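The values are calculated or read from the model by the stated rules, or taken from the named source; none is laboratory data. What you see is a predicted model; the values in this text were computed from it and never measured. Here Cβ is always computed from backbone atoms with ideal geometry, including for glycine, and neighbour counts include all displayed protein chains.
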Amino acid sequence: MNRLPDNPSEAEPNIAEAYRECAEITRRSGSSFASAFWMLPKPKRNALHAIYAFCRLADDIADDPEVAGDRTALLARWREELDGAYRGKAQHAVGVALSDAVERFRLPEGVFLDLLAGVEFDLADGPIETFDDLRLYCYRVASTVGLLVVRILGFKNPRSLEFAETLGIAVQLTNVLRDVGDDASTGRIYLPRDELERFGVSTGSVLAGHGTDALQPMLRFSAERAASYYERAEDLLPDEDRRSLRPATAMGRIYRALLDELIEREFPCFEQPLRLSKPRRIAIAAKVWMGMA
């Protein structure tokens, strides 16, 4: 488990130490995030590690079963750390690194606040009644990250922000399909309830981990929708920004490969969540970096 913020440390870590801690959080996570960005220059890689670490610890507040105490209070504390990062008063190592990153790359605070609203939604166990609800959730927990990433990578055409938002939705829709069983084990369902009803699937069967066959048509429908978001993102990516945004494209290709694997395996959603191996993720990213994909 990553160490969550609780009490501020007495001595504020220096920036180099803070970035090292963020890099370690990223490394320990085993996320595809690191696979897509490992070839970047150090200042950009550092900033991306800071963003990832901030998001990882925020997400742990909502999801990590080992987190003890009042999760709402922890989220409020993390929101204070974000405020401190923007006002030169950060106390946690991740906040210190983030403070440097937001100043270097002019990252908008509102995007981080939207991200924390997604964590708050998870804590409140808010219902996903329609796809509009799911789309908003995907924006908050994934598109926000994309909007921060493209600002660090650099872009010329404002359409690149639309690319980032759309790709984030595609990525999170893929996560939803991968994690149906894991989410159900914690009492959560991110598949829209009106669509479950339309396909004749009860929420009770999903929560119980039953009815995989009955769920298949809806999962295929949801996968087609996710694929359409990947295609839309590709169409939105401006030619003049393709080179600078290769790491974001690599991330998208990794998750698109995961979606294809889920489809090919007919959505093993009540088994161990499907992951692409690290060598495969690196191979996909390297092809994008070399202009081969």
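Residues of region 259-285 that are acidic (Asp, Glu) and modelled with pLDDT under 90: 271 alone. When you scan region 202-224, how many residues do you find that are assigned to a loop (DSSP other than H, G, I, E, B) and either within 16 Å of residue 127 (Cα to Cα) or under 23 Å from the mean Cα position of the chain (by Cα) (or both)? Matching residues across region 202-224 total 1. Can residue 207 be described as surrounded by 17 or more Cβ atoms within 10 Å (Cβ to Cβ) and closer than 30 Å to residue 62 by Cα? Spelling it out, it is not the case that residue 207 is surrounded by 17 or more Cβ atoms within 10 Å (Cβ to Cβ) and closer than 30 Å to residue 62 by Cα. For region 280-289, check the following and say yes or no: at least one residue is in contact with a Pro (Cβ under 7 Å, 6 or more places away or on another chain) and touching a residue at least 40 places away in the same chain (Cβ under 8 Å). No. Within region 41-70, if we keep just the residues that are modelled with pLDDT under 85 and either among the hydrophobic types (A, V, I, L, M, F, W, C) or in a helix (DSSP H, G or I) (or both), the residue that is nearest to residue 102 (Cα to Cα) turns out to be 62. In the set 261, 240, 231, only one residue is within 20 Å of the chain's Cα centre (by Cα), exposed (fewer than 14 other Cβ atoms within 10 Å of the Cβ) and in a helix (DSSP H, G or I); that residue is 231.
Within the set 170, 248, 233, 164, the sole residue that is farther than 21 Å from residue 108 by Cβ, at pLDDT 90 or above and of a type outside the set (Val, Ile, Thr) turns out to be 170. Only residues that are surrounded by fewer than 21 Cβ atoms within 10 Å (Cβ to Cβ), in contact with a helix residue (DSSP H, G or I) (Cβ under 8 Å, 6 or more places away or on another chain) and at pLDDT 95 or above were counted in region 117-136, giving 5. Residue check: residue 190 meets all listed conditions (1) in a helix (DSSP H, G or I); (2) under 18 Å from residue 139 (Cα atoms); (3) hydroxyl-bearing (Ser, Thr, Tyr) but one, namely (1). I'm checking my understanding of the structure. Among residues of region 152-181 that are over 16 Å from the mean Cα position of the chain (by Cα) and not hydrophobic (A, V, I, L, M, F, W, C), which one is surrounded by the most Cβ atoms within 10 Å (Cβ to Cβ)? Step by step, filter region 152-181, then rank; the result is 160. With the checklist (1) closer than 29 Å to residue 49 by Cα; (2) of a type outside the set (A, V, I, L, M); (3) loosely packed, with under 14 Cβ neighbours inside 10 Å; (4) without any contact (Cβ under 8 Å) to a residue 40 or more places away in the chain in hand, flag the one item residue 185 doesn't pass. (1) is the only condition that residue 185 fails.
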